[in-house]
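The values are calculated or read from the model by the stated rules, or taken from the named source; none is laboratory data. It should be emphasised that the depicted structure is a prediction, and the values quoted were computed from it without experimental measurement. Note: ideal-geometry Cβ built from the backbone for every residue, glycine included; neighbour counts use all protein chains shown. To get the accessible areas, we keep the full protein, side chains included, count just its heavy atoms, and leave off ligands, DNA and RNA. Shrake-Rupley method; radii C 1.70, N 1.55, O 1.52, S 1.80 Å.
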Amino acid sequence: MRSMTGYGVGTADSERYRLTVSLRSVNHRFLDLQSRLPEDARAREAELVERIKARLRRGRVEVRLDVETLGERRVEARLRAEIVRAVQAALTRLAEEGVVRGELEARDLVRVPGALEVRYPADDWGPADSAALAAAADAALDQLEAGREREGGKLRRALARRLEALQQVRSALEGRREQVRESLHAGLRERIAELLADAELPAERLAQEAALLVDKSDVREELDRLRAHLEHFGELMEAAGPHGKRLDFLAQEIQRELNTLGAKCRDTDMIRDVLEGKSLCEQLREQVQNVE
């Protein structure tokens, strides 16, 4: 069992780049990747996302890629001569009018908007760079999955405690069921005897109706389904693979059976046990939300 919460970072070098991949994941119903890549590395997003999807199934994962150029980086500078001439012409006119003095100097070019353009052209991306990116991503995924495994162990223990408590609740309900059934049957027989004294209904018909009422109040089927759901839940907890969605569905089914039991129970002790079971099931569902 693995949690959906974790963090991982990995770094690898090619001849030209040092690549660092950072992954941070939290709960989510599906796999939701949110990439934060520098503009000149956007072309690498597809291969990075594909590698992550191959290993993760659920969770909102924030993906960050930092690219550091090793050695000197190519720089291109372009001077916009038409802008410089226009500024110089304007300065000359103002100088003739006595408004300003001096001429445009080379050091002034950096202060003229748009006059000097400096850019860093993207270097060609080769197979060695892709290999370094894959190594960095794998290292980050290894660390992330290790953290998810650790958190998953804590989740398994927390779920096991609540599952055991729910099984105890079911056993208590099972132990009380037959006693309540007999008590209900006896009460109905007494009531029928009272009715027969004043009513002109056939005793056989009243007995049939009483038996039907007892059957409708019996919780045998609900307890059987509850036991099956709890056993299946325990099996999935120990099984390999991402089972978070199935565990969440089973928790909903457990809650549904407990609701039906609460609606059918008339015994105070059984109602108390059902309420305890509902509380435990709600805690179970909260924990399951973080299971991958």
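Per-residue answers, yes or no, for (1) over 25 Å from ASN27 (Cα atoms); (2) of a type outside the set (A, V, I, L, M, F, W, C); (3) open to solvent by 40 Å² or more (accessible area, probe 1.4 Å):
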residue	(1), (2), (3)
ALA137	no, no, no
ASP142	no, yes, yes
GLU145	no, yes, no
ARG148	no, yes, no
LEU155	no, no, no
ALA158	no, no, no
ARG162	no, yes, yes
GLN167	yes, yes, yes
ARG176	yes, yes, yes
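Within the stretch 126-135, can you find the residues that are surrounded by fewer than 16 Cβ atoms within 10 Å (Cβ to Cβ) and aliphatic (A, V, I, L, M)? Please lay out each step first, then the result.
Here is the first cut: in the stretch 126-135, the ones surrounded by fewer than 16 Cβ atoms within 10 Å (Cβ to Cβ) are 126-128, 130-131.
Scanning the stretch 126-135 gives ALA128, ALA131.
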Which one is most open to solvent (accessible area, probe 1.4 Å) among residues in the stretch 236-270 that are over 20 Å from GLY59 (Cβ atoms) and of a type in the set (Asp, Glu)? GLU238
List pairs: first in the stretch 71-84 and farther than 10 Å from LEU109 by Cα and modelled with pLDDT under 75, second open to solvent by 90 Å² or more (accessible area, probe 1.4 Å) and part of a loop (DSSP other than H, G, I, E, B), Cβ under 7 Å, 6+ apart or cross-chain? ARG73/TYR120; ARG74/TYR120; VAL75/TYR120
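What about LEU250, is it assigned to a helix (DSSP H, G or I), aliphatic (A, V, I, L, M), at pLDDT 90 or above and under 27 Å from the mean Cα position of the chain (by Cα)?
Values: assigned to a helix (DSSP H, G or I): yes; aliphatic (A, V, I, L, M): yes; at pLDDT 90 or above: yes; under 27 Å from the mean Cα position of the chain (by Cα): yes.
Answer is yes for this residue.
Within the stretch 271-292, which residues are among the β-branched types (Val, Ile, Thr), out of contact with any strand residue (DSSP E or B) (no Cβ under 8 Å at 6 or more places or on another chain) and open to solvent by less than 10 Å² (accessible area, probe 1.4 Å)?
Pass one, the stretch 271-292, residues among the β-branched types (Val, Ile, Thr): 271, 274, 288, 291.
Then drop every residue that is not out of contact with any strand residue (DSSP E or B) (no Cβ under 8 Å at 6 or more places or on another chain), which leaves 271, 274, 288.
Within the stretch 271-292, VAL274, VAL288 meet the criteria.
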Starting from the stretch 228-244, take each residue that is farther than 17 Å from ARG148 by Cα and list its partners that are outside any loop (DSSP other than H, G, I, E, B) and small (Gly, Ala, Ser), counting only C-beta distances under 7 angstrom and pairs at least six apart or across chains. none
Among the residues in the stretch 115-125, are any part of a helix (DSSP H, G or I), open to solvent by 20 Å² or more (accessible area, probe 1.4 Å) and out of contact with any Leu (no Cβ under 8 Å at 6 or more places or on another chain)? no
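Would you tally the residues in the stretch 63-82 being closer than 25 Å to PRO113 by Cβ, touching a Pro at 6+ places or on another chain (Cβ under 8 Å) and not acidic (Asp, Glu)?
Taking the stretch 63-82 and keeping what is closer than 25 Å to PRO113 by Cβ, we get 73-82.
So of that shortlist, the ones also touching a Pro at 6+ places or on another chain (Cβ under 8 Å) come out as 74, 76.
Among the residues that remain, those that are also not acidic (Asp, Glu) are: 74.
Total satisfying the criteria: 1.
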Just checking, how many residues over the stretch 51-71 are open to solvent by 30 Å² or more (accessible area, probe 1.4 Å) and at positive phi? 1
Going by the conditions given, is VAL180 modelled with pLDDT under 90, surrounded by 13 or more Cβ atoms within 10 Å (Cβ to Cβ) and among the β-branched types (Val, Ile, Thr)? yes
For the stretch 45-87 the number of residues that are more than 37 Å from the chain's Cα centre (by Cα), of a type outside the set (Asp, Glu) and part of a strand (DSSP E or B) is 3
Top-ranked residue in the stretch 28-50 [being open to solvent by 70 Å² or more (accessible area, probe 1.4 Å) and touching a residue at least 24 places away in the same chain (Cβ under 8 Å); ranked as farthest from GLU286 (Cα to Cα)]: ASP40
Unique match (being in contact (Cβ under 8 Å) with a residue 40 or more places away in the chain and closer than 30 Å to CYS281 by Cβ) among ARG148, ARG119, ARG157: ARG148
